[in-house]
Structure formats: C-alpha cells, structure tokens
Amino acid sequence: MDDSAEQSRWFAAELQPHEPALRAYLRSQFPDVHDVDDIVQESYVRVLKARQTGPIASAKAYLFTTARNAALSILRRPRIFSEKPVTDFAVQSVPEDKPNAADIVTLRQETAILLDAIDALPDRCREIFILRKLQGVSQKDIAARLGLSEQTVQVQIARGAQKCADYLRRHGVSHP
C-alpha cells in the first residue's frame, strides 16, 4: 500500500471517528472560539504531519491535545483589529467639522504607527495592553483570565503605555 493510501486509511480509522467528540469538546471548553471547523482542520493537518515523523501511540489523545493547543493559540492571539474595516474606523473617528484630506491622511498614519507600537510590545505586555486599552477588559478580569496578580497587570499596562508613547515620539507622533 502506498504512503498516501496508508495515510488515508489511518486518518479514516484513527482520527475521523473522533470528530464529533472533538467538536463537542471544543465547543464546551472554548465557547469564545467561533470557528471550530478551522481548529478541527488545523488539528488534522498537525497530527498528520506529526505522524510522518514517527508513530503516534494514541491518535485520539494526540488529536485532542493538538486541538486544545490550537484553540488556546487562537484565544491568546491579540485581537487588535476591529471587526469593521479600517476605513470605517477612520471615518468614525473624524470630527464632524469635515477635516481636509491632509488631516485624514495624518490620522491614518498615526493610527498605523500606534498599531506598530502595540505590535512591538513584548508578547505578555502586548496581550495585557490590548485586553485593557483596546478591548476594555478590567484589570481584575485580566488578572483572573491570565492567572496573574492585579499588580502585575497594572505594571504591564503602565509599561505598555510608556513603551507606546516612546515609540510614537521616536516616530514623530507627539500629542500633548
């Protein structure tokens, strides 16, 4: 039997039967993850790639662990962008007195630089900063969610704000 036929047979016998249970697990354990289909598919790909490097003792356990890690990765990924297109955000933040084209371009450039500043923060600091400043999550909730003290969250927010301000100054954006 060639490798692709063996891979298909193994997938059908060892992974596919667990898909309903995997979907139920993901929905119950990660209700904030909206696209379970993507996690299931990504998990299949990762498990099949891992199997190419060597045998897998328990396909079900490996599949569920892989799916859990993929879901956690999605939840940890910062969501710094709004669901609305950037153009809508820029239009909503423009004052009603009809700014000129230069003001609009400047606002967009400053917004891009601010996003770059946030992206330049260390991972944990960026995650906490985004949760607090962009998503409005309370310090207490952030601390509970990430298993940190509120003091640590507060320090990370202050560091993030300072590093962003420094970044903006270095890139020519300064506001009083």
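The values are calculated or read from the model by the stated rules, or taken from the named source; none is laboratory data. Bear in mind that the values here come from a model prediction, so they are computed numbers and not experimental data. Neighbour counts run over all protein chains shown; Cβ positions are idealised from the backbone, glycine included.
Tabulated data
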item	result
Selection status of residue 70, part of a helix (DSSP H, G or I), free of Cβ contacts under 8 Å to residues at least 24 places away in the same chain and not polar (S, T, N, Q)	no
Hey, residue 7 in contact with a Lys or Arg (Cβ under 8 Å, 6 or more places away or on another chain) and either in the same structural domain as residue 134 (by TED's automatic domain parsing) or within 24 Å of residue 142 (Cα to Cα) (or both) or not	no
Qualifying positions in segment 27-48 - of a type in the set (A, V, I, L, M, F, W, C) and either assigned to a helix (DSSP H, G or I) or touching an Asp or Glu at 6+ places or on another chain (Cβ under 7 Å) (or both)	36, 39, 40, 45, 47, 48
When residues of segment 1-21 are limited to those that are over 33 Å from the mean Cα position of the chain (by Cα), assigned to a helix (DSSP H, G or I) and at pLDDT below 90, the one surrounded by the most Cβ atoms within 10 Å (Cβ to Cβ)	6
Selection count, segment 55-81, where residues are among the small types (Gly, Ala, Ser), modelled with pLDDT of 85 or more and surrounded by fewer than 17 Cβ atoms within 10 Å (Cβ to Cβ)	3
